[in-house]
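This report concerns only the one structure given below.
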Amino acid sequence: MSRVCQVTGKRSMVGNNVSHSNLKTKRKFHANLFNKKFYYPEEDRWITLKVSAAGLRNINKKGLAAVLKEATAAGLINKI
């Protein structure tokens with residue numbers, strides 16, 4: 001599974017390490033991802049999602065059902 005948040009779609013970004021002498025080398029900025037289990041009461045089961053810290057905040061704010069509906073509409077989740 002790739003390093004992509006299943007709620008927000010956040011993924012790795014590319015940037016530069018810049019040394020004191022201003023030499024630049026490529027690096028990656030990875031998303032802050034967690035494998036987290038959530039209880040989904042509509043289907044009375046637990047689901048595991050790979051979510052970012054911002055995705056966790058969205059779930060806390062809007063609720064799991066609303067966030068899953070938005071993520072499936074955006075194509076971030078194929079199967080719940």
Distances longer than 19 Å among the Cα atoms of the chain: what percent of all pairs is that? 43 percent
Tell me, what is the per residue accessible area of the chain in Å², probe radius 1.4 Å? 75 Å²
Helix 64-74 sits at what angle to the longest principal axis of the chain, using alpha carbons and giving 0 to 90 degrees rounded to 10? 60 degrees
Cβ-placed point charges (K, R +1; D, E -1), dipole of the chain about Cα centre in debye, nearest 20: 440 debye
How do S52, S19 rank by accessible surface area computed with a 1.4 Å probe, from largest to smallest? S19, S52
Number of Lys-Lys pairs in the chain under 23 Å by Cα, sequence gap 8 or more or different chains? 28
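The values are calculated or read from the model by the stated rules, or taken from the named source; none is laboratory data. What you see is a predicted model, and the numbers here were worked out from it, not measured in a lab. As a convention, Cβ positions derive from the backbone with ideal geometry for all residues, glycine included, and neighbour counts pool all protein chains shown. Just the protein is used for accessible areas: all its heavy atoms, side chains included, with ligands, DNA and RNA removed. Shrake-Rupley method; radii C 1.70, N 1.55, O 1.52, S 1.80 Å.
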